[in-house]
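In what follows, a structure is listed as structure tokens, so that the remarks can point back to it.
The values are calculated or read from the model by the stated rules, or taken from the named source; none is laboratory data. None of these values were measured; they are calculated from a predicted model. With ideal geometry, Cβ positions are generated from the backbone for all residues, glycine too; neighbour counts draw on all protein chains shown. SASA here: full protein model, heavy atoms, side chains in, ligands and nucleic acids out. Shrake-Rupley method; radii C 1.70, N 1.55, O 1.52, S 1.80 Å.
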Amino acid sequence: MEYLKIEEIAEKWGIGVRRVQLLCSEGKIPGAVRFGRDWMIPKDAPKPADGRTKAARLAQNDDMPLPRKT
């Protein structure tokens, strides 16, 4: 399997290096492996949906009920 560094994935996906680091540490990129301080990501790994937007959160959690206000 061929791996890419965080900088290469960030350029490929058009997002920041720090954002890719956070996605890796949260386990949202399947197959990402940590070697020391670096992350190695499979070349064919899909870009996860951006969970910071409301539309992406709703698409990911359609079956989850919304929290109740107390």
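One chain, two ends: Leu58 and Asp38. Fully extended at 0.36 nm per residue, the span grows by 4.0 nm beyond their Cα-Cα distance. Taking amide hydrogens as placed 1.01 Å from N in the peptide plane, the amide H of Leu4 sits under 5 Å from those of Ile41, Lys43, each at least 5 positions away in sequence or on another chain. Solvent-accessible area per residue in the chain equals 80 Å², computed with a 1.4 angstrom probe and all protein chains kept.
Relative contact order for the chain: what is it in percent, counting Cα pairs under 8 Å that are at least 6 residues apart? That works out to 30 percent. In terms of its Cα atoms, region 4-51 spans 26, 20, 19 Å along the principal axes, sorted from long to short.
Summing Cβ point charges (Lys, Arg +1; Asp, Glu -1) relative to the Cα centre of region 1-59 gives a dipole of roughly 320 debye. Lysine pair count for the chain with Cα-Cα distance under 25 Å and sequence separation of 8 or more or different chains is 11.
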